[in-house]
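The values are calculated or read from the model by the stated rules, or taken from the named source; none is laboratory data. Values in this document were obtained by computation on a predicted structure and should not be read as measured data. Ideal geometry is used to build each Cβ from the backbone, glycine not excepted, and the neighbour counts take in all protein chains shown.
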Amino acid sequence: GTTSNKKEGVLQNIFKQFNINSNKISMSSFKSFLRRKNAFTVLIVDEIDNLVQTRKDIFAPYDKLEQLLEELCSLAADSKYPFAIIGISNVVEPSKISRLKSIGISGNKISFASYSHDDLVTIVKDRIDTNMVDLKALEFAAKKVANSSGDAREMIGLVSSAINNCLESMNTNQRPDKTVDITKPVVTIRHMMKAVKSTIVQYVERIEALPDLAKTVLCVAVSIAKAVPSSSYSMSYLRRYCSEVSRKQTNHPIDIDIFQVIVQRLFDQGLLVLDEGDVLDKLSSQGIGIILDKPVRFALQLQEVESAVSEILEAKPVYGELMAYV
């Protein structure tokens with residue numbers, strides 16, 4: 001596990017898992033253990049992306065956790081040590097993929113399909129009383145999660161939140177002398193919809209914190225996505241429409257360097273994504289010309305962003321007119 005945020009804590013956990021008895025917990029002691037052991041040693045690191053820095057720290061020096069991971073990767077690459085690392089992660093940000101590769105994690109990978117709608121419903125049914133949650137509520141949540149991340153934890157989180165919403169409504173509205181009919185599901189689709197809506201809040205906060213020009217670019221991106229749903233369009237296409245809007249507002253096209261900075265911020269905030277396999281950090285080092293040719297995608301998992309934009313920007317005349325213009 002990678003729950004510890006300190007190098008010493010993770011290394012101590014490794015020693016514990018391999019039953020290494022040593023007076024000193026260090027990489028030199030771990031190397032000695034590998035040399036003494038006759039069998040091949042495999043270290044499985046769950047949530048390996050938690051060992052690298054977030055996108056906002058991408059230019060900062062490696063922290064101690066990254067140093068530890070880099071040292072372990074060097075061991076795995078050294079033929080003198082019968083040692084290998086298997087990293088596991090459900091969802092990895094593009095910037096973290098780039099970071100992991102630079103540290104030494106190879107591109108060899110096995111990808112497993114995310115959970116389907118039926119899988120997610122089954123997972124929840126196996127864990128809770130099926131009479132408690134309305135099947136329609138489960139179906140609603142499962143379709144949303146399956147169309148985005150397919151992450152079972154997200155599904156379970158929504159169900160948990162819906163149950164809490166149900167309990168809160170019962171505490172608020174239920175008379176002390178009135179009993180609950182347990183022959184019918186008490187957690188309804190109304191409670192689930194409220195749970196889903198609460199996930200939009202985080203995007204609302206991010207969007208509200210954006211500068212005006214970044215909000216404008218995001219509105220243009222959302223408008224294009226609505227016009228060509230489930231499709232990719234090049235970054236130059238996005239810039240062209242942003243420049244048209246900028247000319248309408250200021251009589252000047254949007255500067256290419258400013259556009260690059262704004263797009264970088266929208267990617268950092270998780271408000272836009274590149275097509276799978278492309279990493280913005282790597283592309284940025286190759287120049288803006290390369291970036292403009294790359295397809296940008298306003299994906300299904302970003303439906304919450306679209307909802308947040310509609311909620312806080314589209315309702316404002318200046319942004320509403322902008323989106324209508326696009």
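What number of residues in the stretch 10-51 are part of a helix (DSSP H, G or I), within 15 Å of K80 (Cβ to Cβ) and free of Cβ contacts under 8 Å to residues at least 12 places away in the same chain? Working first, answer last.
Within the stretch 10-51, the subset part of a helix (DSSP H, G or I) is 10-17, 27-36, 48-51.
Next cut, within 15 Å of K80 (Cβ to Cβ) only: 27-28, 30-36.
Keeping just the survivors that are free of Cβ contacts under 8 Å to residues at least 12 places away in the same chain gives 28, 32, 36.
So the count comes out to 3.
Would you be able to tell me the number of residues in the stretch 98-139 that are small (G, A, S) and either in contact with a strand residue (DSSP E or B) (Cβ under 6 Å, 6 or more places away or on another chain) or at pLDDT 90 or above (or both)? Show your work before the answer.
Taking the stretch 98-139 as the starting set, the residues that turn out to be small (G, A, S) are 98, 102, 104, 106-107, 111, 113-114, 116, 137.
From the residues that got through so far, the ones that are either in contact with a strand residue (DSSP E or B) (Cβ under 6 Å, 6 or more places away or on another chain) or at pLDDT 90 or above (or both) too are 137.
Counting residues in the stretch 98-139 that are small (G, A, S) and either in contact with a strand residue (DSSP E or B) (Cβ under 6 Å, 6 or more places away or on another chain) or at pLDDT 90 or above (or both) gives 1.
If you check K109 against the conditions, is it of a type outside the set (F, W, Y), surrounded by fewer than 20 Cβ atoms within 10 Å (Cβ to Cβ) and without any contact (Cβ under 8 Å) to a residue 24 or more places away in the chain? Working first, answer last.
Numbers: of a type outside the set (F, W, Y): yes; surrounded by fewer than 20 Cβ atoms within 10 Å (Cβ to Cβ): yes; without any contact (Cβ under 8 Å) to a residue 24 or more places away in the chain: yes.
Taking the combined requirement at face value, the residue satisfies it.
Looking at the stretch 247-260, I want the residues that are surrounded by 12 or more Cβ atoms within 10 Å (Cβ to Cβ) and have a partner that is outside any helix (DSSP H, G or I) with Cβ atoms under 8 Å, at least 6 apart or on another chain. Which pairs are those?
These pairs meet every condition: R247/P253.
Step by step: first the residues of the stretch 237-280, then only those that are closer than 15 Å to K215 by Cβ and not in a helix (DSSP H, G or I), then the one that is modelled with the highest pLDDT. Which residue is that?
I254
Take the residues of the stretch 31-80 that are aromatic (F, W, Y) and modelled with pLDDT of 85 or more: which is farthest from the chain's Cα centre (by Cα)? If you could, list the steps in order and put the result at the bottom.
Of the stretch 31-80, the ones aromatic (F, W, Y) are 33, 40, 59, 62.
Filter once more, keeping what is modelled with pLDDT of 85 or more: 33, 40.
Values: F33: 37, F40: 34 Å.
That would be F33.
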